[in-house]
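Beneath this line is the structure, given in structure tokens, with notes to follow.
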Amino acid sequence: MKTWPPDYHHQIIDDLNTILVHVPKTAGGSMQSVLADYTSKRPVSGHTPSFEYRIICPDQWSTYFKFGFVRNPWDRMVSAFFHLQAVHPGLPFVAQYLVPYGNDFDAFVRTVIRNHRTAVY
């Protein structure tokens, strides 16, 4: 079995020839829990983009089954808005763009999305 850099190996399931591309707020944590039954690797949370997998493990990327999930963008934004404030309020992005709006998602959308579009891409 290959040994991957610690930040990446948790979503490469060699036993199943599978790579999970975990998009934030799209059930990736649940999938990691399910896949943990099929590997001896310690599950670790993370959001490695597909382009990084292509760089760190090109052979596996070209041959393994790859999958991820997508979600309605509006639902994903609402979920991220509340999750980030609750779990990571000290992160600079969260402190600057989310915390000032508290639970007022509508005000966040009206102000930040309109005036700072690149902040949320």
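Heavy atoms of the protein chains alone define the surface here; on that basis the range 48-109 has 64 Å² accessible area per residue at 1.4 Å probe size.
Give me the net charge of V70's neighbourhood, meaning all other residues with Cβ under 13 Å from the Cβ of V70; Lys, Arg count +1, Asp, Glu -1. With Lys, Arg at +1 and Asp, Glu at -1, the neighbours total +2. Using a simple spin-label model with pseudo-atoms 7 Å out from Cα toward Cβ, S33 and I55 lie 3.2 nm apart.
The values are calculated or read from the model by the stated rules, or taken from the named source; none is laboratory data. Not measured: the values here are computed from a predicted model. Quick reminder, even Gly has a Cβ in these numbers, built from the backbone with ideal geometry, and neighbours come from all protein chains shown. When the accessible area is computed, the model is the full protein with side chains, heavy atoms only, and any ligands, DNA or RNA have been set aside. Shrake-Rupley method; radii C 1.70, N 1.55, O 1.52, S 1.80 Å.
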